[in-house]
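Student: Could you have a look at this structure, given as structure tokens, before my questions?
The values are calculated or read from the model by the stated rules, or taken from the named source; none is laboratory data. In this text, all values refer to a predicted model and were calculated from it rather than measured experimentally. As a convention, Cβ positions derive from the backbone with ideal geometry for all residues, glycine included, and neighbour counts pool all protein chains shown.
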Amino acid sequence: MAKTVDQYFAGLQQTRVWRSIFRSGTGSSTLKRALAIQQNVFLHLFSTKVRTRVLSFSATWYLGTLTLGTFMILVATGIPLMLYYHPSVPQAYADTKDLQFVVSSGMFLRNLHRWSAHAMVFLVFAHMFKVFYRGAYRPPREFNWVIGVVLLLITLLLSYTGYLLPWDQLAYWAITVGSNIASAVPLIGNKIHFLLLGGNAVNANALLRFYVLHCMILPLAAMFFVAIHFWRIRKDGGLYNHDSEPAVVRTKSPTSPESKSPSPITEAR
Amino acid sequence: MAEEKKGPLGDDLSRRQFFTKLGLGSLSIAAIGTAAFSYQYLEPNVLYEPSPVVNAGKPDRYPLDSVTLDVNNGIYIIHSQEGYFSLSAVCTHLGCLTAWKQELGIIACPCHGSKFEQSGKKIEGPAPKPLPWKRLWLNDDGDLLVDRSTDVPALARDSFVRV
Amino acid sequence: MADSKDFVAGVDSNAKRSPRRIVFITRRTSAQVKAETEDQIQTFPEVLFRSAVAVMTLAVVLIWIALFFDAPLEGLADPSHTPNPAKAPWYFLGLQEMLHYFPPVVAGVLVPGLVVMALIVIPYFKVNIEAEGLFLKDRQKRLRIFYVVASVLSLFLLFFHVYAALVPTLIVAALMIIAAQNSSQSVFAFARYLAARPLSYWVMTWFLFELVVLTAIGTFFRGPGWAWIWPWQAS
């Protein structure tokens with residue numbers, strides 16, 4: 001029966017309907033594999049070929065990929081959570097309790113959302129430090145580093161706005177403290193505080209603004225900058241790897257192997 | 001060369017094919033499980049809506065041969081010669097609230113002109129079905145209760161409540 | 001093109017084997033794409049499958065954690081009752097610890113603002129790009145500057161009783177002194193490693209160290225009234 005299933009799928013893939021959707025088809029030829037990337041609206045952000053050294057796990061520990069992974073988990077859990085959540089006071093708290101005790105799988109979704117959020121903040125910091133320590137911010141990748149800092153700020157803001165939504169004591173006071181820090185900005189601090197909260201205190205307006213920021217504005221901003229971040233990686237020559245692009249010529253280096261390096265590339269500034 | 005392994009149906013299976021099948025099989029099970037749990041998640045377990053059971057009060061509020069519309073709950077309490085019964089006041093066409101026309105002795109819907117008899121049977125209009133009879137009974141306190149979520153057969157002997 | 005070439009260009013007649021883009025930029029003002037003869041692999045399936053495995057592993061770990069550990073939920077928000085202590089989310093606890101020592105303008109606005117700006121400008125400084133060991137050149141002069149900066153910073157922290165930030169500073173300073181005493185000829189591998197570290201490494205490591213220590217203190221060592229407690233004393 002297994003064989004007929006294969007035959008069934010093979011037949012299916014020959015139909016006009018299938019071929020109108022998936023134009024290139026699968027296959028293990030270089031052409032087919034390149035087309036799988038190049039013909040896909042989401043994947044053609046990547047190039048069809050990359051340098052082999054890009055795969056090295058020890059270079060990056062795949063931290064950037066993992067950060068994006070947590071982001072995807074957060075979107076996938078966050079959207080279902082929105083279906084049972086009313087961003088009003090005090091309904092928000094009742095809804096959070098509902099999600100935990102009444103809704104099927106609600107406790108699991110909320111837990112997964114929360115732990116993925118903590119993981120994402122941690123991973124984004126780890127990614128930043130790893131990129132720094134291996135020197136992957138150097139020219140021509142300077143601007144991508146700046147985009148990365150912007151993404152770090154967006155991640156922290158996402159976590160901060162999401163923190164208020166359960167409307168429990170933890171949330172309320174954490175945000176009260178945080179927004180009071182914002183009012184410490186000289187000259188415009190109080191204005192910022194007022195605009196951020198939509199009022200003078202953390203109340204219904206604040207909850208709604210944080211909800212819109214958390215569920216719409218900041219995720220869109222994040223996706224926008226992530227797309228630029230990936231595009232810049234590609235346009236800057238792929239992931240940085242020291243053996244491919246040593247940023248500095250070390251004439252005498254006791255630790256690196258004496259093997260031939262590619263053409264001595266001096267720092268070109 | 002890989003050894004000729006036999007699959008579960010006796011056909012030849014390479015190691016790559018075996019692992020592909022294993023992987024795809026596990027992913028399908030996970031996907032089906034996820035779909036099942038997602039569907040369960042989407043169906044609410046608790047509804048914040050009023051109960052379908054309505055307390056219509058004591059039977060002597062409804063004189064003989066009267067048709068009383070309860071606008072807030074969308075039902076008629078009718079006291080006829082055979083006893084008490086309850087009709088849904090929601091027109092079966094597109095859900096408008098019908099009204100009892102005393103002078104004409106019919107139930108009429110203002111939206112598209114459907115007309116019904118006292119028994120719920122349709123006289124004319126675009127409504128596809130008669131007005132359904134709702135379950136009516138007496139509770140221990142002697143109150144009439146109507147369950148709007150339960151239909152009973154029209155004009156059946158057990159659909160009337162005799163006091 | 002009077003200056004010496006700082007790249008090597010090659011041309012392969014077999015375009016199928018190694019597709020290549022060669023850009024010669026004479027004024028060095030735009031992105032530098034250099035000719036290369038490296039091996040290349042297909043994004044799909046090599047890169048994408050590895051990424052998929054990494055993300056799936058992450059998902060499995062997070063799902064296990066989500067199944068066993070519950071997200072916290074305290075009582076309904078009550079504006080009339082402030083819990084003691086009122087702590088920010090963990091990634092802001094380092095900041096909150098600093099708020100204990102400095103006014104909000106400094107700890108809440110100045111320091112984070114300067115930190116963000118410092119991060120952004122890192123790749124635009126030549127010194128961060130060259131990546132040479134800090135004390136391998138101009139040793140005496142740099143050592144003097146180092147002593148001045150380290151002393152001023154330590155005294156400043158001491159004056160404001162910011163022991164939490166003082167200890168990491170002293171530790172990093174000690175490591176830097178070790179680095180200054182060594183070179184690439186030293187006996188111990190660790191000493192050689194330290195000697196080769198550039199300035200950017202020291203600044204960033206100090207920042208990372210401070211971040212970890214302040215956040216840890218804010219999380220585990222602060223109790224009601226932001227008083228110092230030992231973690232095992234916490235209820």
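Student: Going by what's in this entry, would A:Tyr137 be described as surrounded by 20 or more Cβ atoms within 10 Å (Cβ to Cβ), without any contact (Cβ under 8 Å) to a residue 12 or more places away in the chain, among the hydroxyl-bearing types (Ser, Thr, Tyr) and closer than 22 Å to C:Phe207 by Cα? Spell out the reasoning first.
Tutor: On the way: surrounded by 20 or more Cβ atoms within 10 Å (Cβ to Cβ): yes; without any contact (Cβ under 8 Å) to a residue 12 or more places away in the chain: yes; among the hydroxyl-bearing types (Ser, Thr, Tyr): yes; closer than 22 Å to C:Phe207 by Cα: yes.
Against the criterion (surrounded by 20 or more Cβ atoms within 10 Å (Cβ to Cβ), without any contact (Cβ under 8 Å) to a residue 12 or more places away in the chain, among the hydroxyl-bearing types (Ser, Thr, Tyr) and closer than 22 Å to C:Phe207 by Cα), A:Tyr137 qualifies.
Student: Continuing with the same structure: Please pick out the residue among A:Ile154, A:Ile217, A:Ile175, A:Ile188 that is under 18 Å from C:Leu99 (Cβ atoms) and either hydrophobic (A, V, I, L, M, F, W, C) or away from chain C (no Cβ under 12 Å) (or both).
Tutor: Numbers: A:Ile154 fails: under 18 Å from C:Leu99 (Cβ atoms); A:Ile217 fails: under 18 Å from C:Leu99 (Cβ atoms); A:Ile188 fails: under 18 Å from C:Leu99 (Cβ atoms).
Sole residue among the options that is under 18 Å from C:Leu99 (Cβ atoms) and either hydrophobic (A, V, I, L, M, F, W, C) or away from chain C (no Cβ under 12 Å) (or both): A:Ile175.
Student: Please specify each residue of the range A:85-98 satisfying the condition of being away from chain C (no Cβ under 11 Å) and either surrounded by 18 or more Cβ atoms within 10 Å (Cβ to Cβ) or on the phi > 0 side of the Ramachandran plot (or both).
Tutor: Selection gives A:Tyr85, A:Pro87, A:Asp95, A:Asp98.
Student: Just to be sure, is B:Gln17 under 27 Å from A:Gly106 (Cα atoms) and either in contact with a strand residue (DSSP E or B) (Cβ under 9 Å, 6 or more places away or on another chain) or not in a loop (DSSP other than H, G, I, E, B) (or both)?
Tutor: Values: under 27 Å from A:Gly106 (Cα atoms): no; either in contact with a strand residue (DSSP E or B) (Cβ under 9 Å, 6 or more places away or on another chain) or not in a loop (DSSP other than H, G, I, E, B) (or both): yes.
So B:Gln17 fails the test.
Student: Of all residues being within 24 Å of A:Tyr160 (Cα to Cα), among the aliphatic types (A, V, I, L, M) and more than 12 Å from the chain's Cα centre (by Cα) in the range A:119-143, which is farthest from the other protein chains (Cβ to nearest Cβ)? Just the residue, please.
Tutor: Among those that are within 24 Å of A:Tyr160 (Cα to Cα), among the aliphatic types (A, V, I, L, M) and more than 12 Å from the chain's Cα centre (by Cα), it is A:Ala126.
Student: Would you be able to say whether some residue in the range C:89-96 is closer than 27 Å to C:Gly113 by Cβ, within 7 Å of chain A (Cβ to nearest Cβ), free of Cβ contacts under 8 Å to residues at least 12 places away in the same chain and not hydrophobic (A, V, I, L, M, F, W, C)?
Tutor: yes
Student: Check B:Tyr48 against each of (1) at pLDDT 90 or above; (2) among the aromatic types (Phe, Trp, Tyr); (3) outside the structural domain of B:Arg135 (by TED's automatic domain parsing) and name the one condition it does not meet.
Tutor: Unmet condition: (1).
Student: Among the residues of the range B:32-54, is any in contact with a Ser or Thr (Cβ under 6 Å, 6 or more places away or on another chain), surrounded by 10 or more Cβ atoms within 10 Å (Cβ to Cβ) and more than 14 Å from every other protein chain (Cβ to nearest Cβ)? Write out each step before concluding.
Tutor: First pass over the range B:32-54, keeping only residues in contact with a Ser or Thr (Cβ under 6 Å, 6 or more places away or on another chain): B:37, B:40-41, B:52.
Filter once more, keeping what is surrounded by 10 or more Cβ atoms within 10 Å (Cβ to Cβ): B:37, B:40-41, B:52.
Checking which are more than 14 Å from every other protein chain (Cβ to nearest Cβ) leaves us with B:52.
Yes, there is a match, as at least one residue in the range B:32-54 is in contact with a Ser or Thr (Cβ under 6 Å, 6 or more places away or on another chain), surrounded by 10 or more Cβ atoms within 10 Å (Cβ to Cβ) and more than 14 Å from every other protein chain (Cβ to nearest Cβ).
Student: What helices (runs of 4 or more DSSP H) completely inside the range C:104-175 contain at least 1 residues that are over 27 Å from A:Gly135 (Cα atoms)?
Tutor: Values: elements: C:111-121, C:126-130, C:139-159.
Counting at least 1 such residues, we get C:139-159.
Student: Right, something else. Quick one: in the range A:15-54, of everything that is of a type in the set (Val, Ile, Thr) and surrounded by fewer than 16 Cβ atoms within 10 Å (Cβ to Cβ), which residue is nearest to the other protein chains (Cβ to nearest Cβ)?
Tutor: So the first thing to find is which residues in the range A:15-54 are of a type in the set (Val, Ile, Thr), and the list is A:15, A:17, A:21, A:26, A:30, A:37, A:41, A:48, A:50, A:52, A:54.
Narrowing the set further to residues that are surrounded by fewer than 16 Cβ atoms within 10 Å (Cβ to Cβ) leaves A:15, A:17, A:21, A:26, A:30, A:41, A:52.
Working: A:Thr15: 21, A:Val17: 22, A:Ile21: 18, A:Thr26: 10, A:Thr30: 7, A:Val41: 14, A:Thr52: 4 Å.
Across the range A:15-54, the extreme among qualifying residues is A:Thr52.
Student: OK, next. Of all residues in the range B:108-129, how many are surrounded by fewer than 17 Cβ atoms within 10 Å (Cβ to Cβ) and outside any strand (DSSP E or B)?
Tutor: Looking only at that region, the number is 10.
Student: From the list A:Phe71, A:Phe101, A:Phe57, pick out the single residue that is more than 7 Å from chain C (Cβ to nearest Cβ), out of contact with any Pro (no Cβ under 8 Å at 6 or more places or on another chain) and within 17 Å of A:His229 (Cβ to Cβ).
Tutor: Numbers: A:Phe101 fails: within 17 Å of A:His229 (Cβ to Cβ); A:Phe57 fails: within 17 Å of A:His229 (Cβ to Cβ).
Within the list A:Phe71, A:Phe101, A:Phe57, the selection yields A:Phe71.
Student: Scan the range C:97-108 for residues that are within 7 Å of another protein chain (Cβ to nearest Cβ) and touching a helix residue (DSSP H, G or I) at 6+ places or on another chain (Cβ under 7 Å) and jot them down. I'd like the intermediate steps shown before the answer.
Tutor: Step one: of the range C:97-108, the residues within 7 Å of another protein chain (Cβ to nearest Cβ) are C:104-105, C:108.
Once the filter is applied, which keeps residues that are within 7 Å of another protein chain (Cβ to nearest Cβ) and touching a helix residue (DSSP H, G or I) at 6+ places or on another chain (Cβ under 7 Å), the range C:97-108 yields C:Pro104, C:Gly108.
Student: Consider the range C:186-224. How many of its residues are hydrophobic (A, V, I, L, M, F, W, C), in a helix (DSSP H, G or I) and closer than 27 Å to C:Leu95 by Cβ? Working first, answer last.
Tutor: Taking the range C:186-224 and keeping what is hydrophobic (A, V, I, L, M, F, W, C), we get C:187-191, C:194-196, C:199, C:202-204, C:206-209, C:211-214, C:216-217, C:220-221.
This time we only want the ones that are in a helix (DSSP H, G or I), so: C:189-191, C:194-195, C:199, C:202-204, C:206-209, C:211-214, C:216-217, C:220.
Narrowing further to those that are closer than 27 Å to C:Leu95 by Cβ: C:199, C:202-204, C:206-209, C:211-214, C:216-217, C:220.
Summing the residues that are hydrophobic (A, V, I, L, M, F, W, C), in a helix (DSSP H, G or I) and closer than 27 Å to C:Leu95 by Cβ in the range C:186-224 gives 15.
Student: Answer with yes or no whether A:Gly199 is away from chain C (no Cβ under 11 Å), assigned to a loop (DSSP other than H, G, I, E, B) and over 23 Å from A:Ser116 (Cα atoms). Outline the logic, then answer.
Tutor: On the way: away from chain C (no Cβ under 11 Å): yes; assigned to a loop (DSSP other than H, G, I, E, B): yes; over 23 Å from A:Ser116 (Cα atoms): yes.
Criteria met by A:Gly199.
Student: State all residues of the range C:158-198 that are over 25 Å from C:Asn128 (Cβ atoms) and either in contact (Cβ under 8 Å) with a residue 40 or more places away in the chain or surrounded by 16 or more Cβ atoms within 10 Å (Cβ to Cβ) (or both); if no residue qualifies, say none.
Tutor: Within the range C:158-198, the subset over 25 Å from C:Asn128 (Cβ atoms) is C:158-164, C:166-167, C:185, C:187-188.
Passing the criteria: C:Phe160, C:His161, C:Val162, C:Ala164, C:Leu166, C:Val167.
Student: Another question, if that's okay. Across the range A:41-58, what is the total count of residues that are in contact with an Asp or Glu (Cβ under 8 Å, 6 or more places away or on another chain) and free of Cβ contacts under 8 Å to residues at least 40 places away in the same chain?
Tutor: Of the residues in that region, 2 qualify.
Student: Next question. Taking the stated definitions as given, is B:Asp151 free of Cβ contacts under 8 Å to residues at least 24 places away in the same chain and in a strand (DSSP E or B)?
Tutor: On the way: free of Cβ contacts under 8 Å to residues at least 24 places away in the same chain: yes; in a strand (DSSP E or B): yes.
Yes, satisfied.
Student: With the checklist (1) surrounded by 20 or more Cβ atoms within 10 Å (Cβ to Cβ); (2) at pLDDT 95 or above; (3) more than 7 Å from every other protein chain (Cβ to nearest Cβ) in hand, flag the one item A:Ser116 doesn't pass.
Tutor: Only one criterion in (1) surrounded by 20 or more Cβ atoms within 10 Å (Cβ to Cβ); (2) at pLDDT 95 or above; (3) more than 7 Å from every other protein chain (Cβ to nearest Cβ) is unmet by A:Ser116, namely (3).
Student: Every residue in the range A:53-109 that is among the basic types (Lys, Arg) and either touching a Phe, Trp or Tyr at 6+ places or on another chain (Cβ under 7 Å) or under 19 Å from A:Asp168 (Cβ atoms) (or both), please. Don't jump to the end; show me each part of the working.
Tutor: Start the filter on the range A:53-109 by keeping residues that are among the basic types (Lys, Arg), which leaves A:53, A:97.
The one that is among the basic types (Lys, Arg) and either touching a Phe, Trp or Tyr at 6+ places or on another chain (Cβ under 7 Å) or under 19 Å from A:Asp168 (Cβ atoms) (or both): A:Lys97.
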